[in-house]
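**Student:** This is the structure, below, for whatever I ask next.
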Amino acid sequence: MILTPGPQGRTSLTYPPDVPPSDGAQRPEKGQAFIVTERAPEPQAVLTPLTSSAIFLIVTVDQGGEPVVRELLSDVAGLVRSVGFRVPSGALTCVTAIGSDVWDRLFAGPRPAELHPFREVAGARHTAVATPGDLLFHIRAGQMDLCFELAAQIMDRLRGAVTVFDEVQGFKYFDERDLLGFVDGTENPTGRDACDAVTVGAADPDQDPDFDGGSYVIVQKYIHDLAAWNALPVEAQERAIGRTKLQDIELPDEVKPGDSHVALTTITDPDGTERQIVRDNMPFGAPGRGEFGTYFIGYSSSPSVTELMLERMFVGDPPGAHDRILDVSTAVTGSLFFAPSADFLDDPPPPPGRLETGRTAETAVAAEPPDEPPRTSDGSLAIGDLKHLKRSTPR
């Protein structure tokens, strides 16, 4: 069997005349070739069903800590398997995302087309602040001990190479409600719509082919003034949110105020198509300190969707008509990351620049003896180039 480059990034697979195909399929005539497509990159566990526990861990990478971080990034999947094996029903997952400022310190070659630092959004009364963040670990499970153990294992590996900026433990609050008492995440897309909403290349194969399977993620930590919120009548709360509190039903357009949260975060293209993101917000708090909040996390195939939502929330549409929920909710952090595909993390590009020996990273890699076949999550041996290929099938 011979693999040769084909058009449009495809690969021609030709069986020599004296070698029968192993799968029993009809072999092409002499000189003909099967065309096989590269396997689509496997996304990280972005579209994990809602869980009862989560940890949001943000760190910055210290100067000189890059090699430690690179080694950890390719091992996170293995740590998830090892910790999760203890409680298989716990559904432990971790999405690892990388910030703009550290990307070029970790990887040579191209970078995600829309990756940039979080942009502060300043309205007349409220501001979406921008805060540091090089790495985000979004850890989710059905129980907190799994999240805690994985976070501990990650930090054991990163100790001395990073500085923790923020760590929040989130929890499920009754029937997926936030601490304001409203159901959160009702309008998340599902199925294919969810995949298209969060995955680079899913809806548009030409979007950014080098980073197919990845997702952009924006996080914000909001602190609520529950005393002020609870002083409002339920009807006023419902008008601020745009949904009923008990039944979780969206208010009719003729009743729903234009400065309600639902109205301002609904983005519609000129052709009527709604642009969506997937939220996995979690309540958090410390009653003894009087701290009550919501950790916002929004995944999307382009950060522009979430950024437009934030612009409308904080500046208003029209300007001045800001999101009424901001009168009792203050954003105290704000960061933007890119969560590359699982394949990218398993086999990342070489590091940038020159090594201490003076050789380029590419030269040093070429000079090293070949490694053992990379580990894969599907149990295969990942032999040679075929680990990236499969027979052409409709997507």
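All of the numbers you see were taken from the coordinates with simple rules; none came from a lab. These figures come from a predicted structure and were not determined experimentally. Please note: Cβ atoms are built from the backbone with ideal geometry, for glycine as well, and neighbour counts cover all protein chains shown.
**Student:** Summarise the long-distance tail of P(r) for the stretch 237-305 by giving the % of C-alpha pairs beyond 13 Å. Show your work: numbers first, answer last.
**Tutor:** On the way: 1743 of 2346 pairs.
For the stretch 237-305, the fraction of Cα-Cα distances above 13 Å is 74 percent.
**Student:** List the extent of the Cα atoms of the stretch 95-162 along each of their three principal axes, largest first, rounded to whole Å.
**Tutor:** Principal extents (largest minus smallest coordinate, Cα): 42, 37, 23 Å.
**Student:** Report the rotationally averaged projected area of the stretch 210-349 based on its alpha-carbon convex hull, in square nanometres.
**Tutor:** Answer in nm², one decimal: 11.3.
**Student:** Which of the peptides 285-294, 60-69 is most tightly packed, and how do the rest follow, going by the mean number of other Cβ atoms within 10 Å of each residue?
**Tutor:** Values: 285-294: 14.0, 60-69: 15.6.
Highest to lowest by the protection proxy: 60-69, 285-294.
**Student:** Okay, next question. Each residue of the stretch 224-230 in turn: what ³J(HN,Hα) in whole Hz from Karplus with 6.51, -1.76, 1.60 and θ = phi - 60°, glycine and Pro shown as x?
**Tutor:** 9, 8, 5, 4, 5, 5, 5
**Student:** Calculate the dipole size of the stretch 53-344 relative to its Cα centre from +1 charges on Lys and Arg beta carbons and -1 charges on Asp and Glu beta carbons; express the result in debye to the nearest 20. It would help to have the intermediate numbers written out before the result.
**Tutor:** Details: 23 positive and 45 negative charges, 181 e Å.
Dipole about the Cα centre, nearest 20: 860 debye.
**Student:** For the stretch 231-245, take each phi angle, set θ = phi - 60°, evaluate the Karplus expression 6.51 cos²θ - 1.76 cosθ + 1.60, and give the result in whole Hz per residue in order, putting x for glycine and proline.
**Tutor:** Those phi angles translate into 6, 7, x, 4, 4, 5, 4, 5, 5, 5, 7, x, 9, 6, 6 Hz.
**Student:** Within a 10 angstrom radius of the beta carbon, how do CYS94, CYS195, CYS147 rank from fewest other beta carbons to most?
**Tutor:** Lowest count first: CYS195, CYS94, CYS147.
**Student:** Just want the ordering: ASP269, ASP184, ASP327, from fewest to most Cβ atoms lying within 10 Å of their own Cβ. Walk me through the numbers before you get to the answer.
**Tutor:** Working: ASP269 8, ASP184 22, ASP327 15.
Listed from fewest to most nearby Cβ atoms, that is ASP269, ASP327, ASP184.
**Student:** Residue by residue through the stretch 212-221, which ³J(HN,Hα) values in whole Hz follow from phi under the Karplus form 6.51 cos²θ - 1.76 cosθ + 1.60 (θ = phi - 60°), with glycine and proline marked x?
**Tutor:** 3, x, x, 9, 8, 9, 10, 10, 9, 9
**Student:** Please list the non-local residues whose amide H lies under 5 Å from the amide H of ASP259, H modeled 1.01 Å from N, same-chain partners needing a gap of 5 or more.
**Tutor:** Excluding prolines and chain starts, which carry no amide H, there are no hits.
**Student:** If the convex hull of the alpha-carbon atoms of the stretch 109-267 is projected onto planes in all directions, what is the mean projected area in square nanometres? Provide the component values of the computation, followed by the final result.
**Tutor:** Details: hull surface 53.0 nm².
If you wrap the Cα atoms of the stretch 109-267 in a convex hull and average its projections, you get 13.3 nm².
**Student:** Viscosity 1.306 mPa s, temperature 10 °C: Stokes-Einstein D of the stretch 158-223 from its Kirkwood Cα radius, in µm² per second? Don't skip to the answer; put the middle values down first.
**Tutor:** Numbers: Rh = 15.4 Å.
Translational D for this selection: 103 µm²/s.
**Student:** Please identify which residues in the stretch 89-109 have an amide N closer than 20 Å to a label point set 7 Å out from the Cα of GLN207, following the Cα→Cβ vector.
**Tutor:** In the stretch 89-109, the label zone of GLN207 (backbone N under 20 Å from the point 7 Å along Cα→Cβ) covers 95-100.
**Student:** If we count every other residue with Cβ under 11 angstrom of GLU66's Cβ, Lys/Arg +1 and Asp/Glu -1, where does the sum land? The partial results should precede the final answer.
**Tutor:** Working: positive: ARG70, ARG105; negative: ASP62, GLU71, ASP104, ASP134.
Value of the local net charge: -2.
**Student:** Please list the radius of gyration and Dmax for the stretch 53-344, considering alpha-carbon atoms only, with Å as the unit.
**Tutor:** Every Cα atom of the stretch 53-344 included, Rg and Dmax give 19.1, 57 Å.
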